[in-house]
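The values are calculated or read from the model by the stated rules, or taken from the named source; none is laboratory data. All of these numbers come straight from a predicted model, not from anything done at the bench. Backbone-built Cβ (ideal geometry, glycine too); neighbour counts: all protein chains shown.
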Amino acid sequence: MTPSDPSAAPADTLTDGPRRGRGRTPGRVRGGTPLPLLVPALVGLAFLLLPLVALLIRAPWRSLPDQLAKPEVWQALRLSLFSATAATAVSLVLGVPLAWLLARTRFPGRGLVRALVTLPLVLPPVVGGVALLLALGRNGVVGRLLDTWFGITLPFTTAGVVVAEAFVAMPFLVISVEGTLRAADPRYEEAAMTLGASRFTAFRRVTLPLIAPGIAAGSVLAWARALGEFGATITFAGNFPGRTQTMPLAVYLALQSDPDAAIALSLVLLLVSVAVLAGLRDRWMTAAS
Amino acid sequence: MTTRSARRNRRSTRTLQVAAVGAAALLALSACSSSDDKADSSDTTKSSSSSSPKLSGTVTVFAAASLKESFTALGQQFEKEHPGTKVTFSFGGSDSLAASITGGAPADVFAAASPKTMAIVTDKGDAATAPATFVRNQLEIATLPGNPHKVASLKDLTKSGLKVVLCDKTVPCGAAAQKALDASKLKLTPVSYEQDVKSALTKVELKEADAAVVYKTDVKAAGDKVEGVEFPESADAINDYPIALLKDAPNSAAAKAFIALVQSADGQKVLTDAGFLKPTS
Amino acid sequence: MTEAHEAHPARTAEPTDKDTAGDPTGTNTDVGPTGTDTTGDPTGTDTGLDARLVVRRGTFLLDVELAAAPGEVVALLGPNGAGKTTALRALAGLTPLSEGGRLRLDGAALDRTPPEARPVGVVFQDYLLFPHLSALDNVAFGPRCQGVPKAEARAQAAVWLERMGLAEFAGTRPRRLSGGQAQRVAVARALATRPRLLLLDEPLAALDARTRLDVRAQLRHHLADFEAVAVLVTHDPLDAMVLADRLVVVEDGRVVQEGGPSDIARRPRTDYIAQLVGLNLYRGEAEGHTVALEAGPAITTTERLDGPVFVAFPPGAVTLHRDRPTGSSARNLWQCRVAGLETHGDQIRVALTGELPLAADLTTVAAAELGLHAGAPVWATVKAAQTHAYPA
């Protein structure tokens, strides 16, 4: 690709970087953390944590056991975890190839396509839900065909929840994976091809393992986004306990009549997501790097 | 503009209510910013047709979402009758409105869609006057245009294969529907319990659901996008809409005048035209 | 392609012979040999590489004619940006040939063949070993892609690593390998697909000076064993001369000289090559033993020639004097000025300007005695016997 340039030898870092001792000393905090960074950093951290702390302070600890004893809570939690995971799986299957297409091929209008991919990020989720209804609803542009040909209707079903969550979560994955792909050296794919690998084999056996950390990070983002999804889900899939009522929906509706229950539910959701994310982080991120 | 601010208000209120931090401050900020400049620029010397004491400034009305069309019209009428005044609305679910009032949101008037939600405010002692029922709303079945499934009664909704949406039991229209169903000993499993009456109606408008149990006023507002079917059991679940002046009302004089307008013959005409019923007593 | 790998040492003598014998057209600079156009030869009897690599990219045009017999190692030598790597990529199929290009290997046209279907192995400049696979799995990758069952592919790979002296590193990830080890794994990986054309892009550039010597020797050994065509790209004349049977010098997308290493070293035809091989090179008009140089002064040579010639002499042949030498027998005497000094090992190379721009090599002691510094005036002499003139 580039003319041979002995001085550059960029992949030196890739092939035998660790010889230079990449070993980072754990916990080595350099003496002078610059104040202009430290102060906003701490303010930022406080800003993110304060609402959570408030939630903990105002939590109805006394009635909490009763609140959590309700089967609906666990039903909603189970549904949330299932649908967020399923939505992440859907995002992976469709989003990784899409990211590859955006990062590795050239076609007219690619810039526009990339902008369109991020559209669900700026779209208010409720609008996204309405758009999904218009597209995949029983009377929607495509949904009408799904209904007449296969008898499939998505609204008011758990599959609909997954669709709505995947719609808002997939852009996170695509953006994350595309970024990693752009940073990854495409010449590894070329090397694989000179060894007889088809483009797909090169992708599967070389590129995919190389970008695994990016995929893991994107999946975690997508999963977290899907878990907290509210607007698109309630608009597209409705709200029925056990079928489409995820935790955020349960929280929202509980808030209408029983704020204490809402806070209790929020705590459960928080706790579970923190546990899962921290667990994944340890397992995936460290294994991949 | 009202739609957007109403929605924004509703969302932010809920989120912050959960966080239980700064909700009051934020709402106060957003309310103040609009009222301040208005108060400054209001021209009090201008004569008006009304003989009552000079009214000026902004009246902030928190009202149930179902009142949106009629209250917006009444607000314009009020501003015309009392030059120099401005009526600002925050439309939303009665519960969340009540929550923000008890949380300290500076409002003058609260018009709720049920006595229960009004009770949240009165229980906290945030109302200055006893709530008065100013209209009532009755349930109706909204079906697809032309009523293709031949829905004629509440019982017809229990037919299998029919996709029905109800409001969630935590919101007034859902509670009312449940009351009507219980009264007629019907068991109805909907495909979804929607978070508010407008969402329930939207599902029928978009033909995703075959029928919804909503308010008469909503069916009327939807025009020909849905067809209304009255059912006798709705008499068992008529919703009273109470209105009250709030204790910490920044502009109680104008607020009282607005409540009077709502209860006047003129006001009642606007409301009944929208499908509301007059109060019984 | 089959048994030859196992039959390992045998042919070490052969390639070195070709050094001198292998290139009849060595001094012919013009592209395109003598009209042997093999465009449509379907017989499949011809072997080796026959290519015209044409790649147009913007204003840059690469047009390089390249032919090689099986067992031959050809080095593409040239400065950075000359198009060497582009030529290599074109051979591998990673860059498509433009109009007018042609590529035949063992009689089969490969112009339209995608890279994965070409019997071509590549050792990349920075090796590009797959970081997530062990050395063994890196080498087994090629056979696996060719449909060899996993266990067998790994067994083959183990044999290759063994041959490279890397058996104990089979399970090691590339990042844990030294530069030299990584290079050998890369060679093994490329050879494991049993290519009919082996391409090496600056195979030694990423190594430090010390390992370079070892690895170069090993690579030479492996290339000598390789029975098909090997093309190697380098900007280092020493690598080229040690590893290749034949050099193709590319400058600005074109072949400027082609021939055996010693031939090119003795008779450079451009400043670039002359500098590369460490020679002072001048062009001039010969009349008997005297050559009137285009650069200005005349130079006396031992050869007797007439007409346009090149004159070359190594920097070590130059003697410097602080004062004009009186009793010197040297006929070639020029007044110069020191333009720069550069240390090369225990030698100092002095760049001179003045009557004749030239490079001279001195020992550090000599340089100190002369008190050389930039701008210092010196006299330079060269004995006629140490010059070499040849027709241009």
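The table that follows gives values for the structure above.
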| read-out | value |
| --- | --- |
| Residue in the stretch B:239-249 that is assigned to a loop (DSSP other than H, G, I, E, B), under 28 Å from B:Phe110 (Cβ atoms), more than 14 Å from every other protein chain (Cβ to nearest Cβ) and not aliphatic (A, V, I, L, M) present | yes |
| Any chance B:Ala99 is without any contact (Cβ under 8 Å) to a residue 12 or more places away in the chain, out of contact with any Phe, Trp or Tyr (no Cβ under 7 Å at 6 or more places or on another chain) and within 13 Å of chain A (Cβ to nearest Cβ) | no |
| Test: C:Arg189 is at the interface with chain A (Cβ under 8 Å from one of its Cβ atoms) and touching an Asp or Glu at 6+ places or on another chain (Cβ under 9 Å) | no |
| Tabulated pairs, the stretch C:119-145, first over 17 Å from C:Ala206 (Cβ atoms), second assigned to a strand (DSSP E or B), C-beta under 6 angstrom, 6+ apart or interchain | C:Val120/C:Leu197; C:Gly121/C:Leu198 |
| All positions within the stretch B:109-136 that are buried (at least 16 other Cβ atoms within 10 Å of the Cβ) and in a helix (DSSP H, G or I) | B:Lys116, B:Thr117, B:Met118, B:Ile120, B:Val121, B:Thr122 |
| Number of the exception - B:Phe91 against (1) under 16 Å from B:Pro250 (Cα atoms); (2) modelled with pLDDT of 85 or more | (1) |
| Strands (runs of 3 or more DSSP E) fully within the stretch C:303-392 counting 1 or more residues that are without any contact (Cβ under 8 Å) to a residue 12 or more places away in the chain and closer than 24 Å to C:Glu287 by Cβ | none |
| Any hit, the stretch A:129-147, residues being in contact (Cβ under 8 Å) with a residue 24 or more places away in the chain, closer than 21 Å to A:Leu173 by Cα, in contact with a Gly (Cβ under 9 Å, 6 or more places away or on another chain) and not polar (S, T, N, Q) | yes |
| Subset of the stretch C:239-291 that is polar (S, T, N, Q) and not in a strand (DSSP E or B) - its residue that is farthest from C:Arg56 (Cα to Cα) | C:Ser262 |
| Within the stretch C:131-151, considering residues that are facing chain A (nearest Cβ under 7 Å) and surrounded by 22 or more Cβ atoms within 10 Å (Cβ to Cβ), the one nearest to the chain's Cα centre (by Cα) | C:Gly142 |
| Matching entry among C:Ala265, C:Ala217, C:Ala240 (being crowded, with 23+ Cβ neighbours inside 10 Å and on the phi < 0 side of the Ramachandran plot) | C:Ala240 |
| Odd one out for C:Ala205, checked against (1) more than 9 Å from chain A (Cβ to nearest Cβ); (2) in a loop (DSSP other than H, G, I, E, B) | (1) |
| Residues being more than 11 Å from every other protein chain (Cβ to nearest Cβ) and either touching a residue at least 12 places away in the same chain (Cβ under 8 Å) or on the phi < 0 side of the Ramachandran plot (or both) - total across the stretch B:184-197 | 5 |
| Every residue from the stretch A:80-128 that is assigned to a helix (DSSP H, G or I), farther than 18 Å from A:Val168 by Cβ and β-branched (Val, Ile, Thr) | A:Val113 |
| Total residues in the stretch A:197-227, condition surrounded by fewer than 19 Cβ atoms within 10 Å (Cβ to Cβ) and assigned to a loop (DSSP other than H, G, I, E, B) | 1 |
| Test for A:Val122: is it hydrophobic (A, V, I, L, M, F, W, C) and surrounded by fewer than 16 Cβ atoms within 10 Å (Cβ to Cβ) | yes |
| Subset of the stretch B:196-238 that is part of a loop (DSSP other than H, G, I, E, B) and closer than 17 Å to B:Ser66 by Cα - its residue that is farthest from the chain's Cα centre (by Cα) | B:Val226 |
| Failed criterion for C:Phe124 (all others in (1) within 10 Å of chain A (Cβ to nearest Cβ); (2) surrounded by fewer than 22 Cβ atoms within 10 Å (Cβ to Cβ) hold) | (2) |
| Count of the stretch C:99-121 residues which are within 18 Å of C:Gly142 (Cα to Cα) and surrounded by fewer than 16 Cβ atoms within 10 Å (Cβ to Cβ) | 3 |
| Residue list for the stretch A:234-248, filter: more than 8 Å from chain B (Cβ to nearest Cβ), crowded, with 24+ Cβ neighbours inside 10 Å and not in a loop (DSSP other than H, G, I, E, B) | A:Phe236, A:Met247 |
| Among the residues listed as B:Lys169, B:Lys179, B:Lys220, the single one being surrounded by fewer than 24 Cβ atoms within 10 Å (Cβ to Cβ), under 22 Å from A:Ile234 (Cα atoms) and touching a residue at least 24 places away in the same chain (Cβ under 8 Å) | B:Lys169 |
| Subset tally (residues that are away from chain B (no Cβ under 14 Å) and within 30 Å of B:Val164 (Cα to Cα)) for the stretch A:89-127 | 3 |
| Selection count, the stretch A:71-113, where residues are charged (D, E, K, R) and without any contact (Cβ under 8 Å) to a residue 24 or more places away in the chain | 3 |
| Selection count, the stretch A:255-283, where residues are surrounded by fewer than 24 Cβ atoms within 10 Å (Cβ to Cβ) and more than 23 Å from A:Leu49 (Cα to Cα) | 3 |
| Residues of the stretch A:52-85 classified as within 20 Å of A:Ala224 (Cβ to Cβ) and surrounded by fewer than 16 Cβ atoms within 10 Å (Cβ to Cβ), total | 5 |
| Failed criterion for C:Leu198 (all others in (1) buried (at least 20 other Cβ atoms within 10 Å of the Cβ); (2) part of a strand (DSSP E or B); (3) more than 14 Å from chain A (Cβ to nearest Cβ); (4) out of contact with any Lys or Arg (no Cβ under 6 Å at 6 or more places or on another chain) hold) | (3) |
| Every residue from the stretch A:193-210 that is among the aliphatic types (A, V, I, L, M) and facing chain C (nearest Cβ under 7 Å) | A:Met193, A:Leu195, A:Ala197, A:Val206, A:Leu210 |
| Verdict on A:Leu227 being modelled with pLDDT under 90 and more than 14 Å from chain B (Cβ to nearest Cβ) | no |
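This table checks each residue for (1) touching a residue at least 12 places away in the same chain (Cβ under 8 Å); (2) within 14 Å of chain A (Cβ to nearest Cβ); (3) more than 30 Å from C:Pro391 (Cα to Cα).
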residue	(1), (2), (3)
C:Thr211	yes, yes, yes
C:Val215	yes, yes, yes
C:Leu219	yes, no, yes
C:Leu232	yes, yes, no
C:Met241	yes, no, no
C:Pro261	yes, no, no
C:Ala265	yes, no, no
C:Ile273	yes, no, no
